[in-house]
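Participant: I have a structure I would like to understand better, so I am pasting it below and will then ask my questions one at a time.
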Amino acid sequence: MNSVKVGLCGLGTVGSGTFNVLQRNGDVINARAGCRIEIIQVASRRPNPACNLGDTPVTGDVFAVARNPDVDILVELIGGITVARELILDAIEHGKHIVTANKALIAEYGNEIFNAAKAKGVTVAFEASVAGGIPIIKAMREGLAANRIQWLAGIINGTGNFILTEMRDKGRAFEDVLVEAQQRGYAEADPTFDVEGIDAAHKLVILASLAFGIPLQFEKVFTEGISQLDTRDVAYAQQLGYQIKHLGIARRNNGGIELRVHPTLIPRKRLIANVDGVMNAVLVKGDAVGPTLYYGPGAGAEPTASAVIADIVDLARTLTADPEHRVPHLGFQPEQLSDIQVLSIEQVETAYYLRITARDVPGVLSKITQILSDAEISIEAVIQKEADDGEDYVPLIILTDRAVEKKLDEAVDKIQQLPTTEGNIVRIRVESLS
Ligand code: HSE
């Protein structure tokens, strides 16, 4: 049996998981790959007690792996975008194929990296960069190749979903759950990436490029996090039959592409509304296949290692194929990528949940509904709570029909200026995902 030689850079959560799974399941993995997959060098600055490297050679210098003439595939699991970018470009220059779990790097520098790989006739595989162990990239790039993708919506940050679930079900404090997510190895080095939606935006950009055949455009994603979510809104949403999830949404619409990450009310009866904890799910709507849902663990050592090793096996199988006969990085042939515009959030159309703090006096509701009706925004549901004893203000919850965001912004501004409303209006977008 031939062997394919792997250099593993990074021995953190995912690196050690990859080493361990390759050792434990080497027999089945090799049987699937049709060759022996051997880790011949590891680059790590410190040992990781989670894995026993045995006599595998270790270096402290990741660039030594990029330049090791015996390495066929460099697996980049060091994270970050500065050294990782240099490392991958250096390894490509030295003719190595690349496997990476680095979503930030692919989202921000993928176009450059794929061009460099194309020039050298090597492949960059990145299954583990989106939704941990779910083979979503393979599904979109190959399994759904017959379809025009109409939209996709995903819970693609395990940490955020874990936090929302624990807060909802156990009433735990935000900070407390975040610490647990860090201890379990789910959270990013900078956890604001998880809670402010940046990590989800990185993943969404990758999925959108695969879906629509567009270059990676991270800077154009509209991003809103979960750190400002109020537990009252979670409860009111439930009363209305919805669940609040932090979604990444990409949709072809109005002559452009919507790319957005934000908390979203979704009907509780949808399967994706019931995806809890660190689990991820991506709902993809293709014109031929209809809606398809992909579900699984979105973070953690071995789930992510599962995706990393799938890429190694894929590469091992295709190492002998001509570069032009391999699956293209973004699913479309590079010269077929489209320059269709990405829409600004003002151009996006969705329904809305509004929570208005209104004075408990006659006529307030009619003034608010008049403003919405003048803006041609129709109302789907209203809940008005009774004022607590001694309180002058009451929460007024309104679910609107779909409206273009710019119109909604103008109406919300007018409502906020009414003397009978107080403070900022809470606004959460609503998607029926039907
Ligand atoms: N921080 C990420 C998450 C890890 O929580 O989903 C997997 O990309």
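Participant: For a test of the definition: using alpha carbon positions, the gyration tensor, and the 1.5 limit on a/c, classify the stretch 46-121 as rounded, prolate or oblate.
Facilitator: Note, shape of the stretch 46-121 comes out oblate.
Participant: How would the chain be classified by its alpha-carbon gyration tensor: rounded, prolate or oblate, with rounded meaning a/c under 1.5 and the a/b versus b/c comparison settling the rest?
Facilitator: Cα axes put the chain in the prolate bin.
Participant: Read phi for every residue in the stretch 410-415 and hand back ³J(HN,Hα) as whole Hz from Karplus 6.51 cos²θ - 1.76 cosθ + 1.60, θ = phi - 60°, with x for Gly and Pro.
Facilitator: Calculated HN-Hα couplings, in order: 5, 5, 5, 4, 5, 5 Hz.
Participant: Kindly write out, for the stretch 258-266 in residue order, the coupling ³J(HN,Hα) from the Karplus curve 6.51 cos²θ - 1.76 cosθ + 1.60 (θ = phi - 60°), rounded to whole Hz, with x marking Gly and Pro.
Facilitator: Computed from phi, the couplings for the stretch 258-266 are 8, 10, 8, 10, 6, x, 9, 7, 10 Hz.
Participant: Same structure again: For the stretch 281-434, which whole-number percentage of the solvent-accessible area (1.4 Å probe, protein heavy atoms only) is attributable to carbon and sulfur atoms? It would help to have the intermediate numbers written out before the result.
Facilitator: Values: 3600 of 7700 Å².
Within the stretch 281-434, the accessible surface is 47 percent carbon and sulfur.
Participant: Here is a further query. If I build a Gaussian network model for the chain, linking alpha-carbon pairs within less than 10 angstrom, which residue out of Thr18, Thr264, Thr400 has the largest mean-square fluctuation?
Facilitator: Comparing Thr18, Thr264, Thr400 in the GNM, the peak value goes to Thr400.
Participant: What distance in nm separates the two pseudo spin-label positions at Asn2 and Glu112, each 7 Å out from Cα along the beta-carbon direction?
Facilitator: Going from the Asn2 label point to the Glu112 one covers 3.3 nm.
Participant: Just how far, in whole angstrom, is the stretch 70-97 from the stretch 264-280 if you go by their alpha carbon centroids?
Facilitator: 36
Participant: Highest GNM mean-square fluctuation, the chain, Cα pairs closer than 10 Å: which of Glu335, Glu422, Glu349?
Facilitator: Comparing Glu335, Glu422, Glu349 in a Gaussian network model of the chain, the most mobile one is Glu335.
Participant: Still on this structure, please answer the following. Quick one: what does P(r) look like for the stretch 211-280 with 10 Å bins over all Cα pairs, in whole %?
Facilitator: Pairs per bin, as whole percents: 17, 42, 31, 10, 0.
Participant: Counting only C-alpha contacts under 8 Å and six or more residues apart, can you give the relative contact order of the stretch 328-434 as a whole percent?
Facilitator: In percent, rounded to a whole number, it is 39.
Participant: So, one more: Just to make sure I understand: if all protein chains stay in place, what is the order of Met279, Met140 by accessible area at 1.4 Å, largest first? Kindly include the intermediate steps, with their values, before the conclusion.
Facilitator: Details: Met279 50, Met140 10 Å².
Most to least solvent-accessible, the answer reads Met279, Met140.
Participant: According to the Cα gyration tensor, what semi-axes, each the square root of 5 times an eigenvalue, does the equivalent ellipsoid of the stretch 144-234 have, listed from largest to smallest in whole Å? If you can, show how the numbers build up before the last one.
Facilitator: Values: eigenvalues 160, 39, 29 Å².
So the equivalent ellipsoid measures 28, 14, 12 Å along its semi-axes.
Participant: From the backbone phi of the stretch 119-136, what are the Karplus-calculated ³J(HN,Hα) couplings (6.51 cos²θ - 1.76 cosθ + 1.60, θ = phi - 60°) in whole Hz, Gly and Pro given as x?
Facilitator: 4, 9, x, 10, 10, 10, 10, 9, 3, 6, 6, 10, 6, x, x, 6, x, 6
Participant: All other residues with a Cβ under 14 Å from the Cβ of Ser378 taken together, and with Lys, Arg as +1 and Asp, Glu as -1, what is their net charge?
Facilitator: Cβ neighbours under 14 Å give a net charge of -3.
Participant: Roughly what angle does helix 13-24 make with the longest principal axis of the chain, taking Cα atoms, 0 to 90 degrees, to the nearest 10?
Facilitator: 50
Participant: Rounded to the nearest 20 Debye, what is the dipole magnitude of the chain about its Cα centre when Lys and Arg each give +1 and Asp and Glu each give -1 at the C-beta?
Facilitator: The calculated dipole for the chain is roughly 1100 debye.
Participant: Per residue, what accessible area does the stretch 143-297 have, given a 1.4 Å probe and all protein chains present, in Å²?
Facilitator: Accessible surface, normalised per residue, equals 38 Å².
Participant: Can you give the helix-only mean residue ellipticity at 222 nm for the chain, where every DSSP H stretch with n ≥ 4 adds -39500 (n - 2.57) and the sum goes over all residues, rounded to the nearest 500 deg cm²/dmol?
Facilitator: -10500 deg cm²/dmol
Participant: Taking square-rooted eigenvalues a ≥ b ≥ c of the alpha carbon gyration tensor, is the stretch 4-142 rounded, prolate or oblate, where a/c under 1.5 means rounded and, failing that, a/b exceeding b/c means prolate?
Facilitator: Judged from the Cα gyration tensor, the stretch 4-142 comes out rounded (a/c under 1.5).
Participant: Using modelled backbone amide H atoms (1.01 Å from N, in-plane), which distant-in-sequence or interchain residues come within less than 5 Å of Ile39's amide H?
Facilitator: Val6
Participant: Considering only protein heavy atoms, what per residue accessible area in square angstrom results for the stretch 1-105 with a 1.4 angstrom probe?
Facilitator: Per residue, the stretch 1-105 has an accessible area of 45 Å².
The values are calculated or read from the model by the stated rules, or taken from the named source; none is laboratory data. Just so it is clear, the model here is predicted, and its values are computed rather than measured. Cβ coordinates were reconstructed from backbone atoms using ideal geometry, including for glycine residues, and neighbour counts include every protein chain displayed. Remember, those area values only see protein heavy atoms, side chains included, never the ligands or the DNA or RNA. Shrake-Rupley method; radii C 1.70, N 1.55, O 1.52, S 1.80 Å.
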